[in-house]
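Peer 1: Below is the structure I would like to discuss, written out as structure tokens.
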Amino acid sequence: DIKCRKAGLHPAAAVIVATVRAMKMNGGVKKEDLGKENIEAVRKGCLNLGRHIENVHQFGVPVVVAINHFTTDTDAEIRALKDFVASMGADAILCKHWAQGSAGIEDLAHRVVKLAESGASQFSPLYPDEMPLFEKVNTIVKRIYRGDEAIADKSIRDQLHAWEHAGYGHLPVCMAKTQYSFSTDPNLRGAPTGHTVPVREVRLSAGAGFVVIICGEIMTMPGLPKAPSSEKIFLNEQGQIEGLF
């Protein structure tokens, strides 16, 4: 919504990359059990994928789902995922490019070309430039996250109003929140509705051309992982470095 708006781009098609493992995780399966077949968890977790498909459609862009294949995926799990995507009016293409190179993703490439050349795309941004900044935030919360509302204290709202009066009200908003949920709770998986999205901080990126809305407990870049990579880097007996990748 930011890049296309600022650059005048009009996407002809969109690809959503999904995995069976991600569906199972959104279906409540623990990380250590993702390699075990669980068709019901796949079906349950597909509600999250369905939300993403609906969200892309809100921009007027046709979508195809690329299933990034893992060796632990079973035929029944893949079929469950494909059936769900079909029920959403889209296609899901199994992709094995990690093992077969370009041949493993050729079907997806043909489908993307077909979608792009169909002329079906009617891209439109989610909100107009002239909409007040906090209304833009609430539009995203309600239409993309399916929450009830964004909440922010007076100081944050006053800051947004001040930027509007300074001539920055036309800028789009960039939401910074956990990537693990449509809410600000990383443990609330699937396709939650009815939640509130707390705005903790706002930052003006005037040069980049957007306003950053920081929601919930999220760390912005630069950030460090809980376990630094340096803990796994060492010299072996031959004096060679291991653990870089």
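Peer 1: Of the residues Gly216, Gly190, Gly194, only one is touching a residue at least 24 places away in the same chain (Cβ under 8 Å), within 29 Å of Gly50 (Cβ to Cβ) and surrounded by fewer than 12 Cβ atoms within 10 Å (Cβ to Cβ); which? Spell out the reasoning first.
Peer 2: Values: Gly216 fails: surrounded by fewer than 12 Cβ atoms within 10 Å (Cβ to Cβ); Gly190 fails: surrounded by fewer than 12 Cβ atoms within 10 Å (Cβ to Cβ).
After applying the criteria, what remains is Gly194.
Peer 1: Output the number of the condition that Asp83 fails; it satisfies all remaining conditions of (1) surrounded by fewer than 17 Cβ atoms within 10 Å (Cβ to Cβ); (2) within 30 Å of Arg203 (Cβ to Cβ); (3) without any contact (Cβ under 8 Å) to a residue 40 or more places away in the chain; (4) not β-branched (Val, Ile, Thr).
Peer 2: The failed condition is (2).
Peer 1: Does at least one position in segment 59-79 carry a residue that is out of contact with any helix residue (DSSP H, G or I) (no Cβ under 7 Å at 6 or more places or on another chain), farther than 24 Å from Glu106 by Cα and not assigned by TED's automatic domain parsing to the domain that holds Arg143?
Peer 2: Within segment 59-79, the subset out of contact with any helix residue (DSSP H, G or I) (no Cβ under 7 Å at 6 or more places or on another chain) is 59-61, 68-69, 71-72, 74-75, 79.
After this cut, where a residue has to be farther than 24 Å from Glu106 by Cα as well, the list is 59-60.
Subsequent filtering for residues that are not assigned by TED's automatic domain parsing to the domain that holds Arg143 retains 59-60.
Yes: segment 59-79 contains one or more residues that are out of contact with any helix residue (DSSP H, G or I) (no Cβ under 7 Å at 6 or more places or on another chain), farther than 24 Å from Glu106 by Cα and not assigned by TED's automatic domain parsing to the domain that holds Arg143.
Peer 1: What residue, among those in segment 86-129 that are of a type in the set (Ser, Thr, Tyr) and touching a residue at least 12 places away in the same chain (Cβ under 8 Å), is farthest from Thr19 (Cα to Cα)?
Peer 2: Step by step, filter segment 86-129, then rank; the result is Tyr127.
Peer 1: If I ask for residues that are assigned to a helix (DSSP H, G or I) and among the β-branched types (Val, Ile, Thr), which ones from segment 68-110 would you list?
Peer 2: Scanning segment 68-110 gives Ile78, Val85, Ile105.
Peer 1: So which of Val15, Val42 is part of a strand (DSSP E or B) and farther than 17 Å from Tyr180 by Cβ?
Peer 2: Val15
Peer 1: Which of the residues belonging to segment 184-210 are of a type outside the set (Gly, Ala, Ser) and farther than 17 Å from Phe134 by Cβ?
Peer 2: Once the filter is applied, which keeps residues that are of a type outside the set (Gly, Ala, Ser) and farther than 17 Å from Phe134 by Cβ, segment 184-210 yields Asp185, Pro186, Asn187, Leu188, Arg189, Pro192, Thr193, His195.
Peer 1: Being under 26 Å from Ile67 (Cβ atoms) and polar (S, T, N, Q) is the filter; apply it to segment 104-133 and report the residue that is surrounded by the fewest Cβ atoms within 10 Å (Cβ to Cβ).
Peer 2: My answer is Ser118.
Peer 1: Something else about it: Looking at Ala99, Ala120, Ala103, Ala109, which is the one that is small (Gly, Ala, Ser), more than 18 Å from the chain's Cα centre (by Cα) and farther than 30 Å from Leu34 by Cβ?
Peer 2: Residue meeting the stated conditions: Ala120.
The values are calculated or read from the model by the stated rules, or taken from the named source; none is laboratory data. Note that the structure is predicted; figures quoted are calculated from it, not measured. Note that each Cβ is placed from the backbone with ideal geometry, even for glycine, and that neighbours are counted across all protein chains shown.
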